[in-house]
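Beneath this line is the structure, given in structure tokens, with notes to follow.
The values are calculated or read from the model by the stated rules, or taken from the named source; none is laboratory data. Being a predicted model, the structure only gives us computed values, none of them experimental. Here the Cβ is made from the backbone with ideal geometry for all residues, glycine too, and neighbour counts use every protein chain on show. The area values use the complete protein model at the heavy-atom level, side chains included, leaving out ligands, DNA and RNA. Shrake-Rupley method; radii C 1.70, N 1.55, O 1.52, S 1.80 Å.
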Amino acid sequence: MPATQPFALIADLQRLNQQLVELPCPACGGHDPHLIWRRDRYFLTVNLSSCRACGLVYLARGLQGEAQDRFYAHFYPRLMKQPPDAHSVWNYRMIAGYRHSEISAVIGPIDSVLDIGAGLGFFLDACRGHGCGQYLGLEPGGPQREHAVHTLGLGGHVLDRGLDEGTVLPFRPRLITLFHVLEHLEDPGKALQRAAALIDPEGWLVIEVPDIRAPWRGLGLHQVHVSHRSYFCEATLTALLQRNGFGVHRTVREPHGIYEGNLRMYARPGFQARQASPLSPPSPSALAELKAHVLRHIRPWSLRNGYPRSAIRLCKLSMKGH
Ligand SMILES: [Zn+2]
């Protein structure tokens with residue numbers, strides 16, 4: 001998709017908006033959304049909603065099939081600079097060291113790890129640097145994988161793929177990590193089932209996601225993004241883990257640092273799905289309370305990160321020929 005005309009990016013986004021389709025709830029498959037907010041940070045009509053059946057906040061309209069493939073191949077690199085600039089890269093390295101220290105303080109030394117959505121590779125690099133013998137990353141994004149494989153020298157330890165039925169590992173990892181990955185997936189429950197099939201029975205699954213129930217006024221509208229399908233909180237992520245073979249052992253909330261309102265959950269395999277509490281539809285007052293919380297944080301007209309800033313950023317990107 002060549003984009004050499006001024007404002008080509010904006011015209012392409014308008015076309016993309018027409019290709020968005022109605023989506024089911026990623027957690028329970030339901031089609032009963034309670035609308036919270038209509039448009040994302042790119043002005044796409046994504047219908048951010050909460051599910052009346054299970055309470056998950058999700059996008060009731062979004063990408064599917066060919067439009068989704070085209071988005072990740074052509075738009076995502078234009079909208080999200082990958083690899084990021086040197087300053088941000090340094091920040092990613094610091095975050096990886098911090099995550100390594102936090103996680104090993106809970107689960108002990110990390111001797112084998114699978115990092116799903118390994119990104120630039122810094123977490124695997126930190127594990128290797130601390131003596132981890134078995135480490136593997138999955139990363140379908142080209143520029144990120146290139147950084148991990150060549151710049152960090154992780155080579156064949158980072159594979160060009162996501163997690164799917166065909167994923168076969170040369171070892172059973174004692175740690176599986178998903179840092180800001182689960183919220184992007186079309187079927188996060190299936191991904192957890194696959195992780196349960198691969199992990200050491202005595203192992204740990206560590207997940208980080210944005211917490212929709214945290215304070216995130218600094219992020220504002222930036223929180224709502226067409227590629228973020230699910231907007232978890234402790235309750236909805238715990239329920240999803242329990243329905244897919246994991247029991248939660250520890251929850252950590254971090255207001256700042258990695259992400260404004262970062263939720264880190266430590267889970268272990270072996271949880272029987274029948275023990276999970278049945279889906280409990282949220283009450284009308286709970287739906288209203290959650291909607292009010294989200295609306296208080298979106299701040300659409302903020303000059304820092306609301307629609308005016310989004311419009312300027314898109315115009316600048318478009319004029320640069322993105
Ligand atoms: Zn649902």
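You will find that of Leu23, Leu13, the residue that is in contact with a Gly (Cβ under 7 Å, 6 or more places away or on another chain) and hydrophobic (A, V, I, L, M, F, W, C) is Leu23 and no other. When Ala292 is tested against (1) surrounded by 16 or more Cβ atoms within 10 Å (Cβ to Cβ); (2) not assigned by TED's automatic domain parsing to the domain that holds Ala191, only condition (1) is not met.
Filtering the range 37-79 to residues that are open to solvent by 10 Å² or more (accessible area, probe 1.4 Å) and within 16 Å of the ligand (Cβ to nearest atom) leaves Asn47, Arg52, Ala53, Cys54, Gly55, Arg61. Looking at Pro109, Pro84, just one residue is touching a His at 6+ places or on another chain (Cβ under 8 Å) and either under 28 Å from Val294 (Cβ atoms) or more than 16 Å from the ligand (Cβ to nearest atom) (or both), and that residue is Pro109.
Among the residues of the range 195-238, the ones that are of a type outside the set (Gly, Ala, Ser), open to solvent by 10 Å² or more (accessible area, probe 1.4 Å) and within 20 Å of Gly162 (Cα to Cα) come to 5 in all. Does any residue of the range 243-252 turn out to be in contact with a helix residue (DSSP H, G or I) (Cβ under 9 Å, 6 or more places away or on another chain) and within 16 Å of the ligand (Cβ to nearest atom)? Checked against the condition, which is being in contact with a helix residue (DSSP H, G or I) (Cβ under 9 Å, 6 or more places away or on another chain) and within 16 Å of the ligand (Cβ to nearest atom), the range 243-252 yields at least one hit.
Let's see how each residue does on (1) of a type in the set (Val, Ile, Thr); (2) modelled with pLDDT of 95 or more; (3) touching a Pro at 6+ places or on another chain (Cβ under 9 Å); (4) in a loop (DSSP other than H, G, I, E, B):
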{"site": "Arg41", "(1), (2), (3), (4)": "no, no, no, yes"}
{"site": "Tyr58", "(1), (2), (3), (4)": "no, yes, yes, no"}
{"site": "Arg99", "(1), (2), (3), (4)": "no, yes, no, no"}
{"site": "Pro109", "(1), (2), (3), (4)": "no, yes, no, yes"}
{"site": "Leu124", "(1), (2), (3), (4)": "no, yes, no, no"}
